[in-house]
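Enquirer: If you scroll down you'll find the structure; I have some questions about it.
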Amino acid sequence: MKKIQNKVTLSSVDDYNKLFGIETQHPLVSVVDLKKATKSVNHIVMTYGVYALFLKNGTNCTLKYGRREYDYQEGTIVSFSPGQIVGIDMEVEEFAPDVIGLLFHPDLIFDTPLGATIDKYSFFDYSQMEALHLSQEERELFLDCLEKIKCETEHPVDRHSASLISSNIQLLLDYLYRFYDRQFITRHRVNSDVVRKFEKSLQHYFDSEECKSGLPSVAYFADQVNLSPGYFGDLVKKETGVNAKDFIANHIIRIAKHRLLSSSDDVAIIAYDLGFQYPQHFTRLFKRIIGQSPSEFRKTSFANN
């Protein structure tokens with residue numbers, strides 16, 4: 001396999017279209033069918049400056065993020081947001097991939113309802129491993145939304161164009177949000193295993209000397225189970241009802257409560273042992289979750305006993 005060498009920055013929709021030899025109908029949004037591409041693109045690293053969604057109908061294409069390959073097979077969708085760096089590797093040199101997609105520039109949704117809510121579509125951050133696997137019905141809905149957007153881009157620009165295109169993109173993203181929820185549900189057994197591994201990793205981290213090196217991040221535990229932080233965080237939230245950051249914090253507080261009640265160690269010592277650089281940060285977290293400072297909790301508990 002050839003090494004990915006060429007690097008391209010996609011600052012606009014037109015940059016992407018020119019790369020593949022596709023005509024640009026609208027400067028800020030494009031529905032692309034790579035089977036109609038007139039230029040072959042392979043062994044390349046692309047830095048996205050636009051939002052993008054691609055449905056793969058079946059190719060020998062491998063997408064990479066860093067050293068990892070995407071979970072990208074026939075009938076799946078991957079999504080990218082501005083700032084992401086993605087590599088493309090084809091098994092066949094002159095190959096027109098059977099991929100259809102949508103690209104839109106952040107300027108398109110500026111000062112629109114979608115612009116105010118774009119951050120809720122967390123699947124744009126599922127960048128390393130997890131693609132969305134569509135059913136046939138879901139695929140047809142996706143393509144229908146793309147067709148509506150495409151028709152609007154081919155319509156002469158008027159005062160309604162931006163809001164109509166933005167609204168149709170938001171409808172598409174809302175469908176994808178629903179489809180990901182369905183995928184989390186249908187993968188409950190697999191996701192439960194991920195949560196169990198997370199719990200074991202969390203336990204091991206604080207049972208070892210590693211915890212003294214600092215507080216672990218959500219990204220640290222996501223890496224342990226080979227998932228992106230975004231997907232991992234949503235998976236934990238859907239499986240446990242608690243976001244991953246709070247899940248870690250609750251575990252820390254359980255350990256802290258045991259230390260406070262089973263030893264006479266100073267609060268600062270407990271804080272340092274748990275990985276806090278500053279004891280006041282530990283006290284602030286403890287009070288937020290328990291409603292009392294560590295010292296108050298220890299004093300009240302002993303008084304009640």
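The values are calculated or read from the model by the stated rules, or taken from the named source; none is laboratory data. This structure is a prediction, so every number in the text was calculated from the model and none was measured. Heads up, the Cβs are rebuilt from the backbone with ideal geometry, glycines too, and the neighbour counts pull from every protein chain shown. SASA here: full protein model, heavy atoms, side chains in, ligands and nucleic acids out. Shrake-Rupley method; radii C 1.70, N 1.55, O 1.52, S 1.80 Å.
Enquirer: Taking a threshold of 22 Å on the Cα-Cα distance, which of the pairs Lys56/Lys197; Lys56/Lys238; Lys36/Lys56; Lys197/Lys238; Lys35/Lys150; Lys212/Lys257 fall above it?
Expert: Lys56/Lys197; Lys56/Lys238
Enquirer: Please identify the helices of the chain, taking whole runs of DSSP H, that span at least 20 Å along their own axis as judged from the Cα atoms and have a mean Kyte-Doolittle score of -1.0 or higher. It would help to have the intermediate numbers written out before the result.
Expert: Values: long enough: 136-153 (26 Å, -0.77); 161-186 (38 Å, 0.22); 188-207 (28 Å, -1.08); 244-262 (27 Å, 0.15).
Qualifying helices, which must be both long enough and hydrophobic enough, are 136-153, 161-186, 244-262.
Enquirer: For n ≥ 4 DSSP H runs only, could you compute -39500 (n - 2.57) per run for the chain, divide by its residues and tell me the 222 nm figure to the nearest 500?
Expert: Numbers: 11 runs with 145 residues, N = 305.
It lands at -15000 deg cm²/dmol.
Enquirer: Could you please state how large a percent of the accessible area of the range 142-274 is carbon and sulfur, counting protein chains only and using a 1.4 Å probe?
Expert: Values: 3660 of 7020 Å².
Of all accessible area on the range 142-274, carbon and sulfur atoms account for 52 percent.
Enquirer: Here's a follow-up. List the chymotrypsin sites (Phe, Trp or Tyr not before Pro) within the range 194-266 that DSSP assigns to loop and that have no more than 11 neighbouring Cβ atoms inside 10 Å. Numbers along the way, then the final one.
Expert: On the way: sites: Phe198, Tyr205, Phe206, Tyr220, Phe221, Tyr231, Phe232, Phe247; in loops: none.
Qualifying residues, ordered by number: none.
Enquirer: Can you give the accessible area per residue of the chain, in Å², using a 1.4 Å probe? Please report the intermediate quantities before stating the final value.
Expert: Details: 15900 Å² over 305 residues.
Accessible surface, normalised per residue, equals 52 Å².
Enquirer: Who wins for biggest fluctuation among Ile22, Ile109, Ile269 in a Gaussian network model of the chain, springs between alpha carbons below 10 Å?
Expert: Ile269
Enquirer: Using a 10 angstrom cutoff on alpha carbons, build the Gaussian network for the chain and name the most mobile of Ala162, Ala222, Ala116.
Expert: Taking springs between Cα atoms under 10 Å, the residue moving most is Ala116.
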